[in-house]
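Some notes on the structure that comes next.
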Ligand code: G3D
Ligand code: MG
């Protein structure tokens, strides 16, 4: 039995996933998580360290890490990369001033070895704000089409109305599950031959 098979079998028993929420400060990470968890979203303060939320979504236990995105905190993001199954990159779609910063931070994360296998969900948040960029504009601003190294998807959403939050989580969970739990045979063989090519998704 190969090491990959053993690791997968252990995870299969647990049916756990580790999801990392990152993005620039003020993007709406904490608000999205509170909304998903059915909590009050009024009066949320900037996250100075991190929050962890654990909840069961479908048959999976999701351990979600929400880490502060202020510039001074970004060097600490790397402390949270280990064993990440999915990265959720949250964007404030109304923030046109910081799209370059947002793109650069995302693309530097994608170079990290410890995030190499993670699925990437981009939430184009704050769609309820009039004049915010739509998901195609965000896709282009962040140059998502150039990403070949990770499975990715972008969804327009709003933490206030709840639009697409569950759909986004569903995509991430399905993508991770497809890799961790349902493709053992295929991956065991392909991993011996060459790295599995990953097609970009939209
Ligand atoms: P962060 O965790 O990414 O840093 P927060 O972001 O969740 O703290 O949210 C930052 C601000 O954006 C908060 O407003 C929050 O209410 C607001 N926000 C988050 N998501 C949305 C959204 O989808 N729509 C709108 N209209 N606002 C959103 P305050 O005023 O408390 O700073
Ligand atoms: Mg926060």
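Here, each number is a calculation from the coordinates, and none is a lab measurement. Just so it is clear, the structure is predicted and the values come from calculations on it, not from any experiment. Quick reminder, even Gly has a Cβ in these numbers, built from the backbone with ideal geometry, and neighbours come from all protein chains shown.
Based on the reciprocal of the average 1/r between different C-alpha atoms, the Kirkwood radius for segment 97-172 equals 13.1 Å.
The listed peptides 107-117, 163-173, ordered by packing as a protection proxy, come out as 163-173, 107-117 (highest mean of other Cβ atoms within 10 Å first).
Could you work out how far the C-alpha centroid of segment 132-166 sits from that of segment 56-85, in angstrom? If you average the Cα positions of each part, the centres end up 18 Å apart. Sequence-distant contacts, meaning Cα pairs under 8 Å at least 6 residues apart, place the relative contact order of segment 15-182 at 25 percent. Every Cα-Cα pair in segment 14-132 was counted, and those over 17 Å apart are 55% of them.
Given bins 5 angstrom wide, list per bin the percent of all Cα-Cα distances in segment 68-112, short to long. The distribution over segment 68-112 is 5, 16, 32, 28, 13, 5, 1, given as percents.
DSSP bridge analysis restricted to segment 15-182 gives an antiparallel fraction near 25%, rounded to the nearest 5.
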